Amino acid sequence: MTSTQRYLEMADVLEAELLHVPVGAQVPSEHVLADRFRVSRPAARAALQELERRLLVRRVQGVGTFRRGRVEYVVSASVPPSFSDTVRMAGAEPGSRLLSCGVRRAVEQERARLCLPTGAAVWSVERVFSVNGEVAAYATSVLPRKPLLNLDRELGDEVSLHRVLRRRYGLTVTRSRYRISLDVPPPGIADHLTGGNRSALWLAESVNRTAGGPPVEYARTYLRPDVLDVAFEIAEDPS
């Protein structure tokens, strides 16, 4: 048996055992696994790395390896376009940190998505989201400035943008467009999400509009697939 076959065989055995391990529990170290399977430390390390690639564990440098539990993140026309609400519906605890909120001129792509004229001013909102205390997403939301005066005074850490739109400005927001693809985040975003590791993440581009009205938000959100299990639900129109 080759070394590759051996560590993959170990990973298969451990994957089956992890089904019975609580989320968050620490799994055996490289040293313990090497003794158990009578392999070298590099082979045991390769098996743990394989489990990490399968999104089954997370490794914390200097601390250990832990059973991972991904949270189902459902994208559906019937689910409000709110990160916090979607995570809560999955039974997890969301968190958010506001990095910036300021006014600038909209670029061409943003004007097209929001149906704005040349020279239009927009709010640009940068936020980092967490799930159960673990960094999960980085979002850039662009919104028309004109109907949202003093938006910067309303937002802050742990404040839901969509709740502010509803309660402060009387806007009920629904999904209009949602597109997701794999993309490598720029360095600044990778620093926030993965400690600088620029591996491919999910990039969601979405447009949300007011009920029966114009677009009010264009967002680009990088999502960590090892934290969020993105699921799309398409329901048949009962009418």
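Miscellaneous remarks
- Residue in segment 8-17 that is more than 26 Å from Ala136 (Cβ to Cβ), touching a helix residue (DSSP H, G or I) at 6+ places or on another chain (Cβ under 7 Å) and open to solvent by 30 Å² or more (accessible area, probe 1.4 Å) present: yes
- Check on Pro186, of a type outside the set (A, V, I, L, M) and open to solvent by 60 Å² or more (accessible area, probe 1.4 Å): no
- For segment 164-183, a residue qualifies if it is closer than 19 Å to Val142 by Cα, in a strand (DSSP E or B) and open to solvent by 50 Å² or more (accessible area, probe 1.4 Å), and the qualifying residues are Thr174, Arg175, Ser176, Arg177, Tyr178, Arg179.
- Close pairs from segment 127-154: first at positive phi, partner of a type in the set (S, T, N, Q), Cβ under 9 Å, at least 6 apart: none
- Listing of strands (runs of 3 or more DSSP E) fully contained in segment 23-131 that carry 2 or more residues being among the acidic types (Asp, Glu): none
- Within segment 68-77, the set of residues being open to solvent by less than 70 Å² (accessible area, probe 1.4 Å), modelled with pLDDT under 90 and either aromatic (Phe, Trp, Tyr) or in contact with a Lys or Arg (Cβ under 9 Å, 6 or more places away or on another chain) (or both) comprises Arg68, Ser76.
- Residue selected from segment 193-209 under the condition at pLDDT 90 or above and out of contact with any Pro (no Cβ under 9 Å at 6 or more places or on another chain), by the criterion surrounded by the most Cβ atoms within 10 Å (Cβ to Cβ): Ala204
- Among the candidates Arg53, Arg111, the residue that is without any contact (Cβ under 8 Å) to a residue 12 or more places away in the chain, over 30 Å from Glu158 (Cβ atoms), more than 16 Å from the chain's Cα centre (by Cα) and surrounded by 17 or more Cβ atoms within 10 Å (Cβ to Cβ) is uniquely Arg111.
- Here Glu15 fulfils each of the conditions (1) touching a strand residue (DSSP E or B) at 6+ places or on another chain (Cβ under 9 Å); (2) closer than 17 Å to Asp226 by Cα; (3) assigned to a helix (DSSP H, G or I) apart from (1).
- Meets criteria (closer than 17 Å to Arg209 by Cα, at pLDDT 95 or above and crowded, with 16+ Cβ neighbours inside 10 Å) for Ser141: yes
- Extreme residue, most open to solvent (accessible area, probe 1.4 Å), among residues of segment 144-163 that are within 21 Å of the chain's Cα centre (by Cα) and hydrophobic (A, V, I, L, M, F, W, C): Val159
The values are calculated or read from the model by the stated rules, or taken from the named source; none is laboratory data. Just so it is clear, the structure is predicted and the values come from calculations on it, not from any experiment. As a convention, Cβ positions derive from the backbone with ideal geometry for all residues, glycine included, and neighbour counts pool all protein chains shown. Surface accessibility is based on the protein's heavy atoms, side chains included, excluding ligands, DNA and RNA. Shrake-Rupley method; radii C 1.70, N 1.55, O 1.52, S 1.80 Å.
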